[in-house]
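Read through the structure below, which is laid out as structure tokens, and then see the notes.
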Amino acid sequence: MSASVTRCPGCGSSNIVDDDLYCQAQRVCVDCGSVVSEGVLTDDWTGDTEISYSRTTAVARKPCLNLIKGLQRVKAICRILRVNNEIENHSQAYYTQAYQHDAFIRVSLQKKEVLAGCCVLVSCRLLNWPVTMGTISCLLDADPVVVGAVYQEMIKILNIKAPVFIINDVMEAHSQEYKISSLHVPEELAENSRDLTKRAVALVELAADTWIVTGRHPTPIMMASIYLSWQSLKPNKHRLKLTLDKFCQMAKVNKLKPAMKRIAEMKEVLCKLGREIPWVREAVTPDNVMQQVEDILNYRFALLRRALRTHEETLQAESEASGEDSLPEEAASSQVAEHGEQNSNAPTAEEYELNAESAQRPRDGNDDPHTEPEGNTGGGESQAPAPNWGKRVLFAPPCVVHPKRRRVERPECKDVTGDEDISDSEIDSYIRTPREAREFAQTQKMLSESEKT
Amino acid sequence: MDSSNDEALDIIITNVVATFRVRCHLNLRTIALEGNNVIYKPDCGKVLMKLRKPKITASIWSSGKIICTGATSEDDAKLGARRLARVLQKLGFRVRFSAFKVVNVLAVCSMPFSIALIDFTVNNRPIASYEPELHPAATYRIKHIKATVQVFSTGSITVTGPNVQTVATAVEQVYPLLFECRKPLRK
């Protein structure tokens with residue numbers, strides 16, 4: 001538009017002034033007031049940068065409040081556990097990562113707190129400062145099952161290869177909880193935690209070798225081993241008389257019920273080994289074994305070997321004395337087992353042929369060669385001719401020594417096809433006669449009325 | 001030459017879960033009143049019916065969907081399901097047996113050796129996971145056949161999968177891995 005358009009199209013006058021309407025440039029004729037020309041109201045969109053509405057109207061973007069709180073909770077947990085800075089940083093990184101993943105972004109705040117604990121747990125495990133899940137659940141005041149579920153999901157999502165929980169590592173941290181140093185209890189009951197831990201670790205290793213640890217919850221085992229090591233460090237009458245209950249009260253920890261069973265099992269193992277000590281003349285019973293514990297632990301490998309050899313010799317002597325053919329050579333016994341299976345009355349067992357040539361011969365160092373075929377027959381028949389391997393080996397997991405009775409399978413189920421005819425008579429047995437139904441209804445009515453009154 | 005080196009591993013099926021539909025609405029009160037061996041659970045909205053012949057427990061919903069558990073083989077489950085449908089038919093409902101499907105099979109198997117669970121887990125990460133504080137067994141999930149194997153240190157394993165064939169395949173797959181991590185049965 002040239003500035004020199006001089007004539008108004010309406011009235012013809014040349015008195016034209018610039019009179020902007022707000023931001024729009026306009027040229028107006030003074031005499032008649034008509035707008036001669038006007039500028040563009042806005043610029044055309046040149047398409048520079050596409051900025052979304054939410055971005056142009058947003059105030060400075062803040063990180064999620066709950067994420068910040070969660071990170072602070074992670075920090076707090078780390079401080080309570082007194083872990084080092086590296087673990088703290090790792091846990092915070094994991095927490096941020098997991099929090100923003102789809103699986104955890106929309107869960108409840110309680111679960112997010114559990115997630116914080118799990119991040120700390122996994123960082124501790126990765127950086128060699130193991131903490132039990134029990135400790136974390138206690139800190140969070142959460143159900144251990146929930147903690148476990150969140151932990152496993154988090155590991156899967158973040159693809160972490162955490163080392164497996166090993167009880168020996170946690171032993172030291174666990175023993176710190178027991179307040180039985182000389183500051184807390186009288187001198188004769190006190191024990192310094194280093195000695196206690198050392199002996200407890202040796203006891204736990206012995207328990208692991210003799211099938212007590214595997215498959216069991218670790219905390220009662222640790223409690224049992226600490227109790228036994230405390231008793232054995234000074235096996236005087238006072239200590240031996242103190243029950244687990246009183247010990248836990250004194251040490252200010254919560255007693256765990258399974259620990260009693262573990263104590264009994266460990267004492268049994270210690271007795272079995274104590275019997276092999278050459279210089280002990282009297283009989284070793286659970287009551288007097290605590291005095292021998294130090295020697296047993298110091299020489300435990302030798303004693304284990306002796307015990308196994310003695311056991312084997314006893315078994316051989318027994319079988320020769322009975323004169324039966326119950327100790328066949330390995331090949332023959334496996335043949336018998338195979339034939340036994342083919343004619344056996346374990347009808348629902350589906351037999352699966354496998355080539356397992358070396359599986360038959362257990363590895364070297366097997367002091368007990370008779371255990372092999374039983375794995376096959378033990379499962380199917382309820383009246384197995386020979387006892388399971390638990391009965392014949394010196395040390396076996398209690399679940400094998402006292403196995404659950406499997407229900408006897410019925411042989412006629414073998415030929416079911418699923419599409420047979422169903423006779424009316426057997427169906428009728430599932431239906432009440434009208435008279436029975438009426439009586440049942442009446443009885444129910446009477447019962448509900450008598451409950452109301 | 002001779003098969004004295006072959007060993008049969010007994011895979012014992014302990015439970016088969018199957019579902020089916022009867023394509024009609026069921027009155028749970030009638031079933032509870034006129035049926036024998038029946039437990040009515042109004043809070044869950046279902047009726048539990050137990051059959052004797054294949055030992056089966058069935059959960060019956062009023063929509064006509066039924067879940068059968070407790071059978072020891074797939075055919076057993078089918079027979080039990082059909083028996084159940086016949087009972088409902090006799091009770092007066094217009095029943096049509098349809099959509100029978102075996103949903104889950106649970107089997108146990110016993111290895112002739114014990115297993116070192118920690119070695120097994122370390123060798124088979126991330127498919128295997130073992131948390132002794134949570135569960136005494138190591139879990140091995142075979143994704144492509146949708147089977148889960150739980151391995152115990154005594155050598156027993158439990159396998160769950162959508163059908164019997166899957167269970168057999170799972171045992172086949174997991175056996176060499178277990179064999180690698182076996183423990184001598186000494187102590």
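Worth pointing out:
- Region A:5-33 residues that are within 20 Å of A:D43 (Cα to Cα), paired with ones that are not charged (D, E, K, R) and not in a strand (DSSP E or B) (beta carbon under 6 Å, 6 or more apart): A:Q24/A:G39; A:Q24/A:L41; A:A25/A:G39
To keep it simple, each residue is scored yes or no on (1) hydroxyl-bearing (S, T, Y); (2) within 28 Å of the chain's Cα centre (by Cα); (3) assigned to a helix (DSSP H, G or I); (4) surrounded by 22 or more Cβ atoms within 10 Å (Cβ to Cβ).
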{"site": "A:I221", "(1), (2), (3), (4)": "no, yes, yes, yes"}
{"site": "A:S229", "(1), (2), (3), (4)": "yes, yes, yes, yes"}
{"site": "A:M266", "(1), (2), (3), (4)": "no, yes, yes, yes"}
{"site": "A:I277", "(1), (2), (3), (4)": "no, no, no, no"}
{"site": "A:E294", "(1), (2), (3), (4)": "no, no, yes, no"}
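- Selection of first residues in region B:104-132 that are touching a residue at least 40 places away in the same chain (Cβ under 8 Å) and more than 9 Å from chain A (Cβ to nearest Cβ) and of second residues that are assigned to a loop (DSSP other than H, G, I, E, B) and small (G, A, S), restricted to Cβ pairs under 7 Å at least 6 apart or on distinct chains, gives the following pairs, ordered by first then second residue: B:I115/B:S153; B:I115/B:G155.
- Residue within region A:115-135 that is free of Cβ contacts under 8 Å to residues at least 12 places away in the same chain, hydrophobic (A, V, I, L, M, F, W, C) and surrounded by fewer than 16 Cβ atoms within 10 Å (Cβ to Cβ) present: no
- For A:Q110, the conditions (1) exposed (fewer than 14 other Cβ atoms within 10 Å of the Cβ); (2) of a type in the set (S, T, N, Q); (3) within 19 Å of B:I118 (Cβ to Cβ) are fulfilled apart from (3).
- Residue list for region A:288-303, restricted to those being in contact (Cβ under 8 Å) with a residue 40 or more places away in the chain and farther than 20 Å from A:E205 by Cβ: A:Q291
- Filter result for B:N37 (facing chain A (nearest Cβ under 7 Å) and surrounded by fewer than 16 Cβ atoms within 10 Å (Cβ to Cβ)): yes
- For region B:41-70, a residue qualifies if it is touching a Leu at 6+ places or on another chain (Cβ under 8 Å), facing another protein chain (nearest Cβ under 10 Å) and assigned to a strand (DSSP E or B), and the qualifying residues are B:M49, B:L51.
- In region B:86-103, the residue that is farthest from A:I422 (Cα to Cα) out of those that are at the interface with another protein chain (Cβ under 9 Å from one of its Cβ atoms) and aliphatic (A, V, I, L, M) is B:L91.
- Every residue from region A:136-147 that is within 14 Å of chain B (Cβ to nearest Cβ) and buried (at least 19 other Cβ atoms within 10 Å of the Cβ): A:I136, A:S137, A:V147
- Residue, surrounded by the fewest Cβ atoms within 10 Å (Cβ to Cβ), within region A:232-264, restricted to residues that are over 35 Å from the mean Cα position of the chain (by Cα) and outside any helix (DSSP H, G or I): A:N236
Each row is one residue, and each column tells you yes or no for (1) buried (at least 17 other Cβ atoms within 10 Å of the Cβ); (2) farther than 29 Å from A:V401 by Cα.
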site	(1), (2)
B:K101	no, yes
B:F113	yes, no
B:A128	yes, no
B:F152	yes, no
B:S156	yes, no
B:V164	yes, yes
B:V167	yes, no
B:A170	yes, no
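- The C-beta contact set for region A:429-444 (first residue without any contact (Cβ under 8 Å) to a residue 24 or more places away in the chain, second residue surrounded by 13 or more Cβ atoms within 10 Å (Cβ to Cβ) and aliphatic (A, V, I, L, M), distance under 7 angstrom, 6+ apart or interchain) comprises A:Y430/B:V87; A:I431/B:V87; A:I431/B:L91; A:A437/B:L33; A:F440/B:L33; A:A441/B:L33.
- Hits in region B:133-150 - residues which are within 11 Å of chain A (Cβ to nearest Cβ) and either touching a strand residue (DSSP E or B) at 6+ places or on another chain (Cβ under 7 Å) or of a type in the set (K, R) (or both): B:A137, B:A138, B:T139, B:R141
- Those residues of region B:24-49 which are touching a residue at least 40 places away in the same chain (Cβ under 8 Å) and of a type in the set (G, A, S), in sequence order: B:G35
FYI, it's all coordinate maths here, none of it is from the lab. Being a predicted model, the structure only gives us computed values, none of them experimental. Glycine gets a Cβ as well: all are built from the backbone with ideal geometry, and neighbour counts include every protein chain shown.
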